[in-house]
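The values are calculated or read from the model by the stated rules, or taken from the named source; none is laboratory data. The structure presented is a predicted model; accordingly, all values stated were derived computationally and were not measured. No Cβ is skipped: glycine too gets one built from the backbone with ideal geometry, and neighbour counts run over all protein chains shown.
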Amino acid sequence: MIMSLWQNEWIKTAALPSCVWNTQWSVSDNNQKLNLIVTVRSNDVPLGMPFNVTQYAVLCHLIAKVCNLKPGLMTYVINDAHIYENQIPGIEEQLRRRDEKIEKDGELFKAPALYINPDIHDFFKFDNSKELKDIQLIDYKHQGRIIMPVTE
């Protein structure tokens, strides 16, 4: 299945054209795994990319769950990946923290676990309130906020 998120009629009124403009979905491994390709027109690497990768990875997990599949391979394709000059200090801080954490502990934080409510079997029944009761990150650790400006 291919889903185009591009809507020409809304481009004139949008602050920016959609960055993620297309997704492709397929099932593999004897109809057991749901795979996803996300195509991105343009991506602000420090801010947009982490958000978009996370949101589409979670979406793949949610859809796989309600379709009785396992999440498979997610491929993320960016046409124009960029870091703005005013984001360089934030990137340098992120790299410095990574290096210090490895030097101090010998490793980075372990990846958190994604909890999805096992009782939900209809995609539209997932809680989409601020609390997101049916979806949680378990044991998420970080080293604190880094100020990273949004640039147009």
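Quick one: would you say V53 is among the hydrophobic types (A, V, I, L, M, F, W, C), over 21 Å from K125 (Cβ atoms) and crowded, with 18+ Cβ neighbours inside 10 Å?
Values: among the hydrophobic types (A, V, I, L, M, F, W, C): yes; over 21 Å from K125 (Cβ atoms): yes; crowded, with 18+ Cβ neighbours inside 10 Å: no.
Considered against the rule, which asks whether it is among the hydrophobic types (A, V, I, L, M, F, W, C), over 21 Å from K125 (Cβ atoms) and crowded, with 18+ Cβ neighbours inside 10 Å, V53 comes out as no.
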* To do: Enumerate the pairs (first residue in the range 4-28 and touching a residue at least 12 places away in the same chain (Cβ under 8 Å) and more than 12 Å from R41 (Cα to Cα); second residue anywhere and basic (K, R) and surrounded by 14 or more Cβ atoms within 10 Å (Cβ to Cβ)) with beta-carbon separation below 7 Å, excluding pairs fewer than 6 apart on the same chain, so at least 6 apart or on different chains.
  => V27/K33
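Considering only strands (runs of 3 or more DSSP E) fully contained in the range 1-118, which possess at least 2 residues that are aromatic (F, W, Y)?
On the way: elements: 2-4, 20-28, 33-40, 70-78, 113-116.
Result: 20-28.
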* To do: State which residue is farthest from I83 (Cα to Cα) when the search covers only the range 1-50 and only residues that are surrounded by fewer than 16 Cβ atoms within 10 Å (Cβ to Cβ) and of a type in the set (G, A, S).
  => S28
* Asked: Exactly one of (1) more than 29 Å from S42 (Cα to Cα); (2) touching a strand residue (DSSP E or B) at 6+ places or on another chain (Cβ under 8 Å) is unmet by V150. Its number?
  -> (1)
* Asked: Residues in the range 133-150: is at least one of a type outside the set (D, E, K, R), assigned to a strand (DSSP E or B) and in contact (Cβ under 8 Å) with a residue 60 or more places away in the chain?
  -> yes
* Tabulated pairs, the range 93-106, first without any contact (Cβ under 8 Å) to a residue 24 or more places away in the chain, second not in a helix (DSSP H, G or I), C-beta under 7 angstrom, 6+ apart or interchain -> R98/L108; I102/L108
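Restricting to the range 119-128, name every residue that is modelled with pLDDT of 95 or more and either closer than 21 Å to G48 by Cα or assigned to a loop (DSSP other than H, G, I, E, B) (or both). Give the steps one after another, and end with the answer.
Step one: list which residues in the range 119-128 are modelled with pLDDT of 95 or more, which gives 119-127.
Selection gives D119, I120, H121, D122, F126, D127.
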* Structure fact -> Of the conditions (1) at pLDDT below 95; (2) surrounded by fewer than 16 Cβ atoms within 10 Å (Cβ to Cβ); (3) closer than 20 Å to L137 by Cβ, the single one that A113 does not satisfy is (1)
* To do: For the range 43-84, enumerate the residues that are at pLDDT 95 or above and of a type in the set (G, A, S).
  => A57, A64, G72, A81
* In the range 1-44, which residues are hydrophobic (A, V, I, L, M, F, W, C) and over 23 Å from V150 (Cα atoms)? -> M1, I2, M3, W25, V27, L34, L36, I37
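Would you pick out the residues in the range 35-83 that are among the aliphatic types (A, V, I, L, M) and touching a residue at least 60 places away in the same chain (Cβ under 8 Å)?
From the range 35-83, those among the aliphatic types (A, V, I, L, M) are 36-38, 40, 45, 47, 49, 53, 57-59, 62-64, 66, 69, 73-74, 77-78, 81, 83; that's our starting set.
Of everything in the range 35-83, those that are among the aliphatic types (A, V, I, L, M) and touching a residue at least 60 places away in the same chain (Cβ under 8 Å) turn out to be L47, V58, L62, I63.
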